[in-house]
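Remarks on the structure that follows.
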Amino acid sequence: MDKIVIDGGVPLEGEVSISGAKNAALPIMAATLLAPGVHRLHNVPRLADIRTMKRVLGLMGVTFEESGGLMGPPLPEGALLVDTSNLTGWMAPYEVVKTMRAAVLVLGPLLARAHQASVSLPGGCAIGARPINLHLKGLEAMGVKITLNQGYVEAKTKELKGAEIILDFPTVTGTENLMMAATLAKGTTRIVNAAQEPEVGDLASFLVALGAQIEGIGTDILTIHGVEALSPAPYKVMSDRIEAGTYLAAAAITKGKVAVTNAPVAHLTAVIEKLHDAGVRCATSGDRIEVQPGGGLNGADIKTLPYPGFPTDMQAQFMALMSVAKGASVITETIFEDRFIHVGELKRLGADITISGNQAVVRGRRHLSGAPVMATDLRASASLIIAGLAAQGTTEVHRVYHLDRGYANLVEKLSALGARIKRVPA
């Protein structure tokens with residue numbers, strides 16, 4: 001098991017290009033099950049979660065090619081050929097799903113294509129209960145018979161039928177699962193209170209490219225008219241807004257001068273506004289965001305909300321930034337009940353943070369001090385890296401396998417910006 005070692009205190013400088021969005025690529029990969037044939041995807045990040053999804057789909061007979069080989073000429077970086085011609089299974093076992101809850105996204109496509117699925121209840125990061133009851137309730141409304149058997153969702157249907165589905169909460173994966181199932185259902189499905197996250201919209205755009213009929217993309221009401229069949233089509237995955245936000249926070253905490261390129265600027269409004277509130281100088285142009293040094297960091301309050309609000313996946317990174325800001329900040333977490341696990345590790349670096357229920361009060365300190373810390377989940381890992389970049393002395397971040405799930409070439413990208421950072425065996 002590796003650790004990341006950081007000698008902090010160096011302002012970052014240069015350009016960093018943002019990779020494809022993990023949370024868009026994973027449902028898009030699952031959606032390829034809907035259309036038999038060879039799919040050509042672009043801007044797919046090289047991440048552990050992508051490898052896990054390939055394992056899940058591989059158990060169903062799906063094959064992949066990243067270098068060209070038998071499927072054609074050499075492929076550019078980030079390209080992935082997905083061959084879903086032969087579906088030989090419909091089971092996603094616990095051994096694979098336990099490491100990544102996004103694997104539950106095969107449920108909808110399998111029901112649409114094979115009319116049956118056996119999927120283990122999901123795992124993933126330890127950031128609170130994330131049940132899939134809304135997925136199952138919606139599928140039952142579409143004519144699916146569901147039983148829970150020894151930790152597995154056993155689902156069958158003779159025919160998927162359109163339905164009116166009102167979600168109690170705008171669940172991202174629930175919206176995605178139901179939307180994928182509805183593309184091949186008989187009749188029209190209407191999903192009310194649908195998640196509006198950009199990654200949901202990217203999946204919807206991919207489905208439309210395959211021939212699906214979807215209205216209301218980007219809104220909280222999706223109307224899907226079922227079609228007889230879908231066909232493969234080339235598609236480029238959107239860039240990762242959370243990765244972009246993470247590098248913006250890293251630049252700000254080190255008082256650096258960094259240009260974040262290939263960024264989904266339109267989907268970062270809430271993050272950029274809060275950075276401005278905190279005194280960070282950001283300028284945007286096209287797909288480029290520049291952070292300029294100057295001024296001081298001020299405390300700023302945030303409250304995590306479903307999109308277009310401030311993303312819960314940026315809460316930990318922003319908390320690290322606020323730990324060295326002037327004054328106090330109040331951070332309110334409304335999405336996941338256990339998403340302050342990183343607080344104890346930030347305090348080991350000298351952060352002054354007090355938790356009360358779903359709120360954390362961060363009182364900025366002039367300096368953080370390097371120390372050994374342990375990552376607890378994906379975004380907590382990023383917050384510790386950010387804090388370590390600003391801390392005086394050496395910070396060691398252990399259990400960095402979490403980072404491999406969501407950040408492509410993190411150490412290499414930060415090193416190119418001048419960070420004194422390396423990955424070594426623990």
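The values are calculated or read from the model by the stated rules, or taken from the named source; none is laboratory data. None of the values given here were measured: they were computed from a predicted structure. Cβ sites come from the backbone with ideal geometry, for glycine too, and all protein chains shown count toward neighbours.
With respect to ILE331, determine if the residue is part of a strand (DSSP E or B) and at pLDDT 95 or above.
yes
Could you say whether any residue in the stretch 85-102 is in contact with a His (Cβ under 8 Å, 6 or more places away or on another chain) and modelled with pLDDT of 85 or more?
So far as the stretch 85-102 goes, no, none of its residues is in contact with a His (Cβ under 8 Å, 6 or more places away or on another chain) and modelled with pLDDT of 85 or more.
Provide a single number: the residues in the stretch 398-426 that are assigned to a loop (DSSP other than H, G, I, E, B) and aliphatic (A, V, I, L, M).
5
When you scan the stretch 225-241, how many residues do you find that are more than 30 Å from ILE289 (Cα to Cα), among the polar types (S, T, N, Q) and not in a loop (DSSP other than H, G, I, E, B)? Explain how you work it out, then say what you get.
Initial filter on the stretch 225-241 (more than 30 Å from ILE289 (Cα to Cα)): 225-233.
Checking which are among the polar types (S, T, N, Q) leaves us with 231.
Now restrict to residues that are not in a loop (DSSP other than H, G, I, E, B): none.
So the count comes out to 0.
Got a sec? Which of LEU75, LEU41, LEU111, LEU87 is touching a Lys or Arg at 6+ places or on another chain (Cβ under 9 Å), outside any helix (DSSP H, G or I) and under 18 Å from LEU184 (Cβ atoms)?
Checking each option against the conditions leaves just LEU87.
Looking only at residues in the stretch 225-245 that are among the β-branched types (Val, Ile, Thr) and over 12 Å from the mean Cα position of the chain (by Cα), which one is farthest from ASN298 (Cα to Cα)? Let's see the steps before the verdict.
Filtering the stretch 225-245 down to residues among the β-branched types (Val, Ile, Thr) leaves 227, 237, 242.
From what's left, over 12 Å from the mean Cα position of the chain (by Cα): 227, 237.
Numbers: VAL227: 53, VAL237: 35 Å.
Among those residues, the one meeting the criterion is VAL227.
Out of (1) under 22 Å from ILE421 (Cβ atoms); (2) at pLDDT 95 or above; (3) in contact with a strand residue (DSSP E or B) (Cβ under 9 Å, 6 or more places away or on another chain), what's the single condition that is false for PRO293?
(2)
If a residue counts only when it is at pLDDT below 95, more than 25 Å from MET29 (Cβ to Cβ) and not charged (D, E, K, R), which strands (runs of 3 or more DSSP E) contained entirely in the stretch 127-224 have at least 1 such residues? Quick ask: steps written out before the conclusion?
On the way: elements: 145-149, 152-156, 164-166, 188-192, 213-215.
Once the strands (runs of 3 or more DSSP E) in the stretch 127-224 are filtered for at least 1 residues that are at pLDDT below 95, more than 25 Å from MET29 (Cβ to Cβ) and not charged (D, E, K, R), what remains is 145-149.
Select, from ASP338, ASP313, the only residue that is part of a loop (DSSP other than H, G, I, E, B) and either touching a residue at least 40 places away in the same chain (Cβ under 8 Å) or of a type in the set (Ser, Thr, Tyr) (or both).
Of ASP338, ASP313, the one residue that is part of a loop (DSSP other than H, G, I, E, B) and either touching a residue at least 40 places away in the same chain (Cβ under 8 Å) or of a type in the set (Ser, Thr, Tyr) (or both) is ASP338.
Select from the stretch 55-68 the residues that are surrounded by fewer than 21 Cβ atoms within 10 Å (Cβ to Cβ) and closer than 18 Å to PRO234 by Cα and write down the one among them that is modelled with the lowest pLDDT. Step through it out loud before you land on a result.
The initial filter retains those residues of the stretch 55-68 that are surrounded by fewer than 21 Cβ atoms within 10 Å (Cβ to Cβ), namely 55, 58-59, 61, 63-68.
Going one step further and asking which of them are closer than 18 Å to PRO234 by Cα, we end up with 63-68.
Numbers: THR63: 96, PHE64: 96, GLU65: 91, GLU66: 80, SER67: 68, GLY68: 57.
Out of the qualifying residues, it is GLY68.
Yes/no matrix, rows are residues, columns are (1) in contact with a strand residue (DSSP E or B) (Cβ under 8 Å, 6 or more places away or on another chain); (2) at pLDDT below 95; (3) among the β-branched types (Val, Ile, Thr); (4) assigned by TED's automatic domain parsing to the domain that holds ASP7:
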position: ILE341; (1), (2), (3), (4): no, yes, yes, yes
position: VAL362; (1), (2), (3), (4): yes, no, yes, yes
position: ALA375; (1), (2), (3), (4): yes, yes, no, yes
position: ILE385; (1), (2), (3), (4): yes, no, yes, yes
position: ARG420; (1), (2), (3), (4): yes, no, no, yes
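Looking at SER19, is it modelled with pLDDT under 95 and of a type in the set (Ser, Thr, Tyr)?
no
I need a count of the residues in the stretch 2-39 that are surrounded by fewer than 23 Cβ atoms within 10 Å (Cβ to Cβ), out of contact with any helix residue (DSSP H, G or I) (no Cβ under 7 Å at 6 or more places or on another chain) and either within 21 Å of ASN177 (Cα to Cα) or of a type in the set (A, V, I, L, M) (or both).
Total meeting the criteria: 4.
What is the one condition in (1) surrounded by fewer than 17 Cβ atoms within 10 Å (Cβ to Cβ); (2) in contact with a Gly (Cβ under 6 Å, 6 or more places away or on another chain) that GLU215 does not satisfy?
Condition not satisfied by GLU215: (2).
Show the residue pairs that are 6+ apart or on different chains and have beta-carbon atoms under 8 Å apart, the first residue being within the stretch 241-259 and within 27 Å of ASP202 (Cα to Cα) and assigned by TED's automatic domain parsing to the domain that holds THR312, the second being surrounded by 24 or more Cβ atoms within 10 Å (Cβ to Cβ) and at pLDDT 95 or above.
Going by the 8 Å Cβ cut-off, there are no qualifying pairs.
Mind listing whichever residues of the stretch 141-155 are surrounded by fewer than 15 Cβ atoms within 10 Å (Cβ to Cβ) and under 24 Å from GLU95 (Cα atoms)?
Within the stretch 141-155, THR147, LEU148, ASN149, GLN150, GLY151 qualify.
Do we have LEU389 as closer than 17 Å to ASP240 by Cα and among the hydrophobic types (A, V, I, L, M, F, W, C) here?
So LEU389 fails the test.
Report every pair of residues separated by at least 6 positions or lying on different chains whose Cβ atoms are under 6 Å apart, first residue within the stretch 185-198 and under 22 Å from ASP313 (Cβ atoms), second among the aromatic types (Phe, Trp, Tyr).
The qualifying pairs are GLN196/TYR307; GLU197/TYR307.
May I ask you to verify whether THR395 is of a type in the set (S, T, N, Q), part of a strand (DSSP E or B) and either in contact (Cβ under 8 Å) with a residue 12 or more places away in the chain or surrounded by 15 or more Cβ atoms within 10 Å (Cβ to Cβ) (or both)?
Criteria met by THR395.
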